[in-house]
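The values are calculated or read from the model by the stated rules, or taken from the named source; none is laboratory data. Being a predicted model, the structure only gives us computed values, none of them experimental. All Cβ positions, even for glycine, are placed from backbone atoms using ideal geometry, and neighbour counts span all protein chains on display. Ligands, DNA and RNA are excluded from the accessible area calculation, which covers all protein heavy atoms including side chains. Shrake-Rupley method; radii C 1.70, N 1.55, O 1.52, S 1.80 Å.
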Amino acid sequence: MTSLSLDTLNAAAEPDFVAALGGIFEHSPWAAEAVVAARPFGSLAALLDAMVAAVRAAGP
């Protein structure tokens, strides 16, 4: 696994952001796609919160 900084994720092209985070939630890249436009994230916690909110908003 490659480690990326938050600054790198915030500056990444959209496809690279999604590729880097697409496996975070059960290999569902849509969760990363849902938050990419909300960048820049001020902290890793803010990024995680945004992704969790996207998953919760998606419903079952």
(message) List pairs: first residue in region 15-30 and free of Cβ contacts under 8 Å to residues at least 12 places away in the same chain, second residue open to solvent by 30 Å² or more (accessible area, probe 1.4 Å) and assigned to a helix (DSSP H, G or I) anywhere in the structure, Cβ distance under 6 angstrom, at least six positions apart or on different chains.
(response) G22/P29
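Would you pick out the residues in region 18-60 that are among the basic types (K, R) and open to solvent by less than 80 Å² (accessible area, probe 1.4 Å)? Talk me through it step by step, then tell me what you get.
Of region 18-60, the ones among the basic types (K, R) are 39, 56.
Selection gives R39 alone.
Go through region 1-13 residue by residue and tally those that are assigned to a loop (DSSP other than H, G, I, E, B) and touching a helix residue (DSSP H, G or I) at 6+ places or on another chain (Cβ under 6 Å). Lay out the reasoning, then the answer.
As a first pass, look at region 1-13 and keep what is assigned to a loop (DSSP other than H, G, I, E, B): 1-5, 12-13.
Next cut, touching a helix residue (DSSP H, G or I) at 6+ places or on another chain (Cβ under 6 Å) only: 4.
Selection size over region 1-13: 1.
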